Amino acid sequence: MRFNFDDLAREMPAGMLITDTQLEVLYMNAYARDKIFDLKPGQERASLLLRSKFYTTDRQVFDMHGCMQNMISMKKRTFHKTLIIRKKGGDSLLFFTARAFGVEGLEHYVFVLVDISDEMDCITHAPQSFGREEFELRSRIVGNDEKVRHIYRLISLAADSTVNVLVTGESGTGKELVADAIHALSKRRDKPLVKVNCAALSESLLESELFGHVKGAFTGAIKDKAGKFEEADGGTLFLDEIGEISQSIQVKLLRVIQQKTIERVGDNRPIAVDMRIIAATNRDLPESIRKGIFREDLYYRLNVFLIRMPALRERQLDIPRLSDHFVDQGNENTGKQVRGISKEAMRLMMRYRWPGNIRELQNAIEHAFVLVQNNLIEPEDLPESVRLETLSTEMVKPGEPVTHATIEPEFVKRRGRLSITREQLMEVLEKHNWNQSETARFLGISRVALWKKIKKFDL
Ligand SMILES: Nc1ncnc2c1ncn2[C@@H]1O[C@H](COP(=O)(O)OP(=O)(O)OP(=O)(O)O)[C@@H](O)[C@H]1O
Ligand SMILES: [Mg+2]
């Protein structure tokens, strides 16, 4: 039996291409033309096509030409890689094979391209090494600790899929940043990322916030209103503090995930929704399940892909890096020119436990920015908590109870009095709307001490 090449190429469920060594297209089958490159018949020979259209899975422009030349110079004949091709309706992931062959003494390449986008919905491929994506991620998520590098890998995997993601971790560890990054790197990035803080609303308000309502559904429902599920259609819904939702909302959320439809409050017409859910919590959900507060079936629906954010004290070596990042940010926001953090101050920061994690570190640097003199952050510029708790670990033997009173006199003796200029004090007071209690707490001094300062400066 003989096969006709054209018939075969037409029936092949994959793109096929033949080029010369300059990547000028000599042949392209209909599948490649229609389904991969979105070209019209007759456009098959569009030159430079291959060079401009591909990206690696870490979203770097892929230099096809350079790669082919490398292949030849290394005397390799075949090449495989998974690549992304940009498309109007959404990028496709292609498994890509190239092979060099000679015809009439001239080198040519044959390419076979298989679209594996659908398979990618369940994550199967090994994480790629990082390129520009890592850089992009890092520009928002700072850190170089092995634990954080692992998080980068998880984020890129999650971004490549559409599965629901659960982000756990203590308060201030960057859970929301992870949600931002996954959305920004995913195919859904041009669609909305809608955020709902589930702890901020009462049960009935949360329900109408999520599901929307129709006019007259309850007192105050003066017109039809779409909920967050509908707003997030095609995009991503970030459900923050998911551990706080009531049993009845849990049931409703489970139904949405299973049926991919919602009903507005006061209405029973189903509306189709398509969104990826990223949920976050600082609760131990398995513990909540044991206590009967959280539904196990919902947990498994949300926890398809788990990202656990490490506490700052588990990645202590990142403290200097993060501090520098926040110092840069502070300089940008305030126009100051703070050079950095003194050795002594950094020593305290490295010892502190940071219960509030990165957010607390960020606040500590902001605090120091107000007090800093000579453009170098010194121990006395840091918040009281950082100085005191650190001292406590220095002064108190393990197991001995620590009270504020045992520390305070020592602290004052060691560190001397709070030194602050008139302008700095003005700035802090302004920031706290001249609320003296808050200002005193911020500066880590008593209200009387603050009052004395105010009097001294004649404010
Ligand atoms: N790796 C990081 N690099 C730079 N900034 C970070 C990083 N992680 C967190 N931050 C910053 O710390 C703050 C807290 O982060 P985020 O709001 O994402 O934490 P969270 O885990 O959602 O906290 P919570 O549980 O309290 O809501 C934000 O201002 C965020 O920009
Ligand atoms: Mg948060």
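The values are calculated or read from the model by the stated rules, or taken from the named source; none is laboratory data. Not measured: the values here are computed from a predicted model. As a convention, Cβ positions derive from the backbone with ideal geometry for all residues, glycine included, and neighbour counts pool all protein chains shown. Note: areas computed on protein heavy atoms with side chains; ligands, DNA, RNA excluded. Shrake-Rupley method; radii C 1.70, N 1.55, O 1.52, S 1.80 Å.
Which residue, of ASP180, ASP240, is under 30 Å from ILE85 (Cβ atoms) and among the charged types (D, E, K, R)?
Working: ASP240 fails: under 30 Å from ILE85 (Cβ atoms).
After applying the criteria, what remains is ASP180.
Give the residue that is nearest to SER161 (Cα to Cα), with candidates limited to residues of region 216-242 that are within 16 Å of ligand 2 (Cβ to nearest atom) and open to solvent by 10 Å² or more (accessible area, probe 1.4 Å).
ASP240
Restricting the search to region 416-425, which residues are part of a helix (DSSP H, G or I) and either modelled with pLDDT of 85 or more or loosely packed, with under 15 Cβ neighbours inside 10 Å (or both)?
Scanning region 416-425 gives ARG422, GLU423.
If I ask for residues that are within 16 Å of ligand 2 (Cβ to nearest atom), open to solvent by 30 Å² or more (accessible area, probe 1.4 Å) and in contact with a helix residue (DSSP H, G or I) (Cβ under 8 Å, 6 or more places away or on another chain), which ones from region 146-176 would you list?
GLU170, SER171, listed by residue number.
Take the residues in region 63-87 that are open to solvent by less than 80 Å² (accessible area, probe 1.4 Å) and not in a strand (DSSP E or B); name whichever of them is nearest to LYS187 (Cα to Cα).
Quick first cut of region 63-87, residues open to solvent by less than 80 Å² (accessible area, probe 1.4 Å) only: 64-68, 71-72, 78-79, 81-85, 87.
Of the ones still in play, those that are also not in a strand (DSSP E or B) are 64-68, 71-72, 87.
Details: MET64: 23, HIS65: 26, GLY66: 27, CYS67: 26, MET68: 28, MET71: 31, ILE72: 34, LYS87: 11 Å.
By that ranking, first place goes to LYS87.
Quick grid of which residues meet (1) open to solvent by 40 Å² or more (accessible area, probe 1.4 Å); (2) outside any helix (DSSP H, G or I); (3) assigned by TED's automatic domain parsing to the domain that holds VAL196:
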site	(1), (2), (3)
ALA279	no, yes, yes
GLU287	yes, no, yes
PRO320	yes, no, no
GLN337	yes, yes, no
GLU344	yes, no, no
LEU361	no, no, no
GLU380	yes, no, no
